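Written below as structure tokens is the structure these notes are about.
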Amino acid sequence: MSEERDLLHRASQFNHQALAQIYDAYSPGIYRYALRLMGDECLAEDCAAETFSRYLNALKKKQGPHDHLQAYLYRIAHNWIVDHYRTQDDNLELDETARSETDIPENEAAKHIRQRQVREVIRQLSPDQQKVVTLKFLENWSNEEVAIALQKPVGAVKSIQHRALDTLRQLLEE
């Protein structure tokens, strides 16, 4: 039995050590993923918490993944983010996470405005394009890992990436 499948098996039996190991391994990445897409620390924390809550609920129902846990958790997080934007007419706030004491206020303001523009443009992409861009370029996933998360062939991921980058380039030039 592979290491991941063993971990998933123990988690399905609500082994506290296995569940803690999963949380410790994946919660920082899910938080960063949500923060990059949403630009709000509190919402990113809510997303990470809700992701693991939904995972535990799936385990209670004898559901959940038998492999590819990372892809499963990121899919939950992405769906939560999409649901949030569907139900909220949310104005993005400037991202405060990258602040440095040595930043000149004008440069910092320009950086925040650009980050906000990029987040807004990414939200204009299709859901698959959003996932590919975020996972490939912000989370540094391989094409194979993204393909597993999207349940698509690697060639389709490359095609989605190409279309997404073309669209981003056009939108950012506007």
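The values are calculated or read from the model by the stated rules, or taken from the named source; none is laboratory data. All figures in this text were calculated on a predicted structure; none of them were measured in a lab. Don't worry about glycine lacking a Cβ; one is built from the backbone with ideal geometry, like all the others, and counts go over all protein chains shown. Accessible surface areas use protein heavy atoms only, side chains included; no ligands, DNA or RNA. Shrake-Rupley method; radii C 1.70, N 1.55, O 1.52, S 1.80 Å.
The table for this structure:
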| read-out | value |
| --- | --- |
| Qualifying residue in region 3-11 (condition: without any contact (Cβ under 8 Å) to a residue 12 or more places away in the chain, surrounded by fewer than 18 Cβ atoms within 10 Å (Cβ to Cβ), in a helix (DSSP H, G or I) and in contact with a Lys or Arg (Cβ under 6 Å, 6 or more places away or on another chain)) | no |
| Residue tally, condition part of a loop (DSSP other than H, G, I, E, B), open to solvent by less than 100 Å² (accessible area, probe 1.4 Å) and not charged (D, E, K, R), over region 138-174 | 3 |
| Residue in region 119-128 that is modelled with pLDDT under 90, open to solvent by 90 Å² or more (accessible area, probe 1.4 Å) and in a loop (DSSP other than H, G, I, E, B) present | yes |
| Selected residue (criterion: nearest to Gln117 (Cα to Cα)) from residues of region 29-50 that are of a type in the set (Gly, Ala, Ser) and assigned to a helix (DSSP H, G or I) | Ala34 |
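Quick grid of which residues meet (1) modelled with pLDDT under 90; (2) outside any helix (DSSP H, G or I); (3) in contact with a helix residue (DSSP H, G or I) (Cβ under 8 Å, 6 or more places away or on another chain):
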site: Asp24; (1), (2), (3): no, no, no
site: Phe52; (1), (2), (3): no, no, yes
site: Tyr72; (1), (2), (3): no, no, yes
site: Asn79; (1), (2), (3): yes, no, no
site: Asp89; (1), (2), (3): yes, yes, no
